[in-house]
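Enquirer: Please see the structure below; I have some questions.
The values are calculated or read from the model by the stated rules, or taken from the named source; none is laboratory data. As the structure is a computational prediction, the values presented were derived from the model and not from experiment. Cβ placement follows ideal geometry from the backbone for every residue including glycine, while neighbour counts extend to all protein chains displayed. Accessible surface is based on the protein model in full, side chains and every heavy atom, while ligands, DNA and RNA are left aside. Shrake-Rupley method; radii C 1.70, N 1.55, O 1.52, S 1.80 Å.
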Amino acid sequence: MTVLLLSMASSMASAGCSRPLEVPVAPMGFSVTLDGDKAGGAFVEFIEQVATSAGCRLHMPQVPRARLEFMFEQGDADVMLASTHSEKRDQFGVFIPLVQTRSVMVSLKGSTRPAIRSLAELLATPGLRVAAVRGFDYGPAYRQALDQLKDQHRLLVEKDPLEVARLLKANMADVTIMPASALYGAAVVDPRVSDIATNLRIEPLDELPWTFGGLYLSKRIPEADRKILEKAIRAANRNHALLNAYRRYYPAELVNAGTRAL
């Protein structure tokens, strides 16, 4: 069995991709981290493991999340990491699920307001200001809620989770909607907001159930390369490689709240 596995790995590694893969990266907690010109985080570790086993090279330019989405739609990005499934993205790529994930409402502890259990309740609570990240998409109910919040002049849109953390700490926003791990990962590494990382109030919302989290491969990747990548991705995740990476980066409470195996 060991000989067979080594043979398969060797064959996969020797196959290789026909060209370097464009994998733009935008900060998202510890899923994707940026330190100078170095990218890291759970998803970056995962795709680097995949690239090594598949014999592919990666080019990972740093861009804002909204720019990443645009590049993917234009065919300028081969891989979009840390993604949820959406019909819009399906036009441009093939989604590969790796974990189950859930976006939640996150605020800071200390508020005496009643618990909120749904987007409908959030929309019916006019005093709450909501911060969102441009380019994040958690499905039709989420997008519709943002449209209504915008109409109510209660929506603030920022470029990344760190900016959202700063709004929450400054009391310029009351809540946000995203995976709790994304906000935690952005806050804990920045001394300006690191104190909020252990002070997060997490509230699941009925309209945002567990869904699939993973990555997209562009339809513009040559078919032979895409097959090599898909095979390597599925092999790497057979033993829950991505979920195990999350557990190395995040407190167990946050992982349990928003990430679980397929």
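Enquirer: Per-residue HN-Hα couplings for the range 167-184, Karplus 6.51 cos²θ - 1.76 cosθ + 1.60 at θ = phi - 60°, whole Hz, x for Gly and Pro?
Expert: With the stated coefficients, the range 167-184 comes to 5, 5, 5, 7, 6, 9, 9, 9, 9, 9, 10, 5, x, 4, 5, 5, 6, 4 Hz.
Enquirer: Here's something else I'd like to know. Given a Förster distance of 25 angstrom, what is the FRET efficiency for residue 148 paired with residue 171, based on the Cβ-Cβ distance and rounded to 0.05? Numbers along the way, then the final one.
Expert: Values: r = 23 Å, r/R0 = 0.92.
So the FRET efficiency works out to roughly 0.65.
Enquirer: When the Kirkwood radius is taken over all Cα pairs of the range 52-201, what Stokes-Einstein diffusion coefficient follows at 25 °C and 0.890 mPa s, in µm²/s? Write out the running numbers ahead of the final one.
Expert: Values: Rh = 16.8 Å.
In µm²/s, the coefficient is 146.
Enquirer: Where nothing but the Cβ of Lys and Arg (+1) and of Asp and Glu (-1) is charged, how large is the charge dipole of the chain around its Cα centre, in debye to the nearest 20? Walk me through the numbers before you get to the answer.
Expert: Working: 31 positive and 28 negative charges, 57 e Å.
Using only the charged Cβ atoms, the result is roughly 280 debye.
Enquirer: Given charges of +1 on the Cβ of Lys and Arg and -1 on the Cβ of Asp and Glu, with all other atoms neutral, how large is the dipole of the range 188-255 about its Cα centre, in debye to the nearest 20? Walk me through the numbers on the way to the answer.
Expert: Numbers: 11 positive and 9 negative charges, 111 e Å.
Charge dipole, the range 188-255, about its Cα centre: 540 debye, nearest 20.
Enquirer: Let me ask you something else. Pop a pseudo-label 7 angstrom from the Cα along the beta-carbon direction at both residue 94 and residue 70 and give the gap in nm to one decimal.
Expert: It works out to 2.8 nm between the two label points.
Enquirer: Something else now. In whole percent, what relative contact order does the range 154-262 give with Cα contacts below 8 Å and a gap of six or more residues?
Expert: Numbers: 55 pairs, mean separation 26.5, N = 109.
Normalised by residue count, the contact order of the range 154-262 is 24 percent.
Enquirer: Contact order normalised by length for the chain, with contacts defined as Cα pairs under 8 Å and 6 or more residues apart; what percent is it? Don't skip to the end; give the middle numbers.
Expert: Numbers: 490 pairs, mean separation 78.7, N = 262.
RCO, the chain: 30 percent.
Enquirer: While we're looking at this one, here's another question. Taking a point 7 angstrom from the Cα of residue 125 along the C-beta vector, which residues in the range 199-217 have backbone N less than 19 Å away?
Expert: Backbone N within reach: 199-209.
Enquirer: Arrange the residues 19, 201, 143 by how much accessible surface each exposes, largest first, with a 1.4 angstrom probe.
Expert: Values: 19 80, 201 45, 143 100 Å².
The ranking, largest first, comes out as 143, 19, 201.
Enquirer: Another question about this same structure. State the percentage of accessible surface on the chain attributable to carbon and sulfur atoms; use a 1.4 Å probe and exclude ligands, DNA and RNA. List each step's numbers first, then the result.
Expert: Numbers: 6590 of 12480 Å².
That fraction is 53 percent.
Enquirer: Starting from the exponent 0.38 and prefactor 2.2 Å, build the expected Rg for the chain from its residue count and divide its actual Cα Rg by it. Don't skip to the end; give the middle numbers.
Expert: On the way: Rg = 18.9 Å, N = 262, 2.2 N^0.38 = 18.3 Å.
Working it through for the chain, the quotient is 1.03.
Enquirer: Ok, one more. For the Cα atoms of the chain, what angle does the longest principal axis make with the long axis of helix 42-54, in degrees from 0 to 90, nearest 10?
Expert: The angle comes out at about 10 degrees.
Enquirer: Quick one: net charge around residue 64, please, counting Lys, Arg +1 and Asp, Glu -1 for every other residue with C-beta under 11 Å from its C-beta. Could you put the intermediate results ahead of the total?
Expert: Numbers: positive: 65, 67, 134, 159; negative: 69, 158, 160, 163.
Net local charge, residue 64 excluded: 0.
Enquirer: Just the number please: accessible area per residue for the range 167-262, 1.4 Å probe, all protein chains included, in Å².
Expert: 47
Enquirer: Turning to a different aspect of this structure: State which entries of 38/169; 150/227; 38/231; 38/88; 88/227; 169/231 exceed 32 angstrom in Cα-Cα distance in the structure shown.
Expert: 150/227; 169/231
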